[in-house]
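Peer 1: Dropping the structure in here first, questions after.
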Amino acid sequence: MPIPDDVTGHEIDQDVRQELLSLPKTLAEDVARNLVMVARLIDEDPEQAYAYSRIALRLASRVAAVREAAGFAAYATQKYAEALAEFRASRRMTGSVELWPVMADCERGLGRPEKAMAMAGEPEVQKLDKAGQVEMRLVAAGARRDMGQLDAAIVTLQSPELASNAVHPWTPRLRYAYADALLEAGREDEAREWFGKALEADKDGATDASDRLAELDGVEFVDALDEHEHEGGGADQHVDTAAPAVADADGDDADEDDADEDGKSQA
């Protein structure tokens, strides 16, 4: 697949470049450029990102960073079995628990919320940093909802991190997930409050909290075509009024299984 000339491969993280030093120089450069394309496209065009990840994987399957990138690209395209296989491979190579929450979310994506819940109780969770533990809490709450245990999901999200006024990168998503669970439980006033708190913390637009608030306030899309003839002109006047789109709120979806294992393929 073509790669733009301005992509050199030097754009990747230093840690990844260090891993690629085990490869011949030209091969390392090719892999690096494909990894840059994965990172560049994974949000806007996940299918293309996935295609580049497969090239990198074909070139350097023994590099943990490549397996991880391939996992995230598969995850982004809802290929959950494949994603889980790649995450497991990366974890075997590095011994890191960092991917544990997304691996559990892959189990959810494969329709195995019970397995995700089991992973939430494993010792690996205690080895995660604070951000990883919050991610695990989000996945566990999502698994509870998958199993129809809405009240348990709400309780799962009630934590010191949720109660804190401090804002961290994960704060908007945690508050949003809590608001969404409250709304599903019919606790609309509380949900509105927490969507507001999510919006307050969401400086980067990571959630659609503003849209959800608009929906709760009864704002809808209106596309009005008013045909008014102007004196002397005869031109139609097109009036377009749009409120924010409303998106679904249960944001943790994921994927599954190790390359050596069964795989069938999100906050």
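The values are calculated or read from the model by the stated rules, or taken from the named source; none is laboratory data. Remember, predicted model here, so these are calculated numbers, not experimental data. Using ideal geometry, Cβ is built from the backbone for each residue, glycine included, and neighbour counts are taken over all protein chains shown. These area figures cover heavy atoms from the full protein model, side chains too; ligands, DNA and RNA do not enter into them. Shrake-Rupley method; radii C 1.70, N 1.55, O 1.52, S 1.80 Å.
Peer 1: Between residue 189 and residue 47, take the C-beta separation as r, use R0 = 51 Å, and let me know the FRET efficiency to the nearest 0.05.
Peer 2: After rounding, the FRET efficiency stands at 0.80.
Peer 1: Let me ask another. In Å², and per residue, what accessible area does the range 1-60 have when probed at 1.4 Å with the other protein chains present?
Peer 2: With the other protein chains kept in place, the range 1-60 gives 61 Å² per residue.
Peer 1: With a 10 Å radius around each residue's Cβ, average the other Cβ atoms per peptide and rank 3-13, 53-63, highest first.
Peer 2: 53-63, 3-13
Peer 1: Apply 1/(1 + (r/R0)^6) to the Cβ-Cβ distance of residue 166 and residue 219, taking R0 = 25 Å, and write down the FRET efficiency to the nearest 0.05.
Peer 2: So the FRET efficiency works out to roughly 0.25.
Peer 1: Give me P(r) over the range 1-103, computed from all C-alpha to C-alpha distances, binned every 5 Å, as integer percentages.
Peer 2: Going out from 0 Å in 5 Å bins, the range 1-103 shows 2, 15, 26, 26, 20, 9, 2, 0 percent.
Peer 1: Where a ≥ b ≥ c are the square roots of the eigenvalues of the C-alpha gyration tensor, would you call the range 138-217 rounded, which needs a/c under 1.5, or, failing that, prolate if a/b is larger than b/c, or oblate?
Peer 2: Taking the square roots of the gyration eigenvalues as a ≥ b ≥ c, the range 138-217 is oblate.
Peer 1: Count neighbours as other Cβ atoms within 10 Å of each site's Cβ, and list the GluC sites (Glu not before Pro) in the range 42-91 that are DSSP loop with at most 13 such neighbours.
Peer 2: Sparse-neighbourhood loop GluC sites (Glu not before Pro): 44.
Peer 1: Compare the peptides 158-166, 180-188 by average per-residue count of other Cβ atoms within 10 angstrom and give them in order, highest first.
Peer 2: My ranking of the peptides, most packed first, is 180-188, 158-166.
Peer 1: Round to a whole number: what % of the accessible area of the range 157-217 belongs to carbon and sulfur, probe 1.4 Å?
Peer 2: Taking all protein chains in place, the range 157-217 shows 47 percent carbon and sulfur surface.
Peer 1: Further question: Residue separation times 0.36 nm, minus the C-alpha to C-alpha distance between residue 8 and residue 114: what's the value?
Peer 2: Stretched fully, the residue 8-residue 114 segment lengthens by 33.8 nm.
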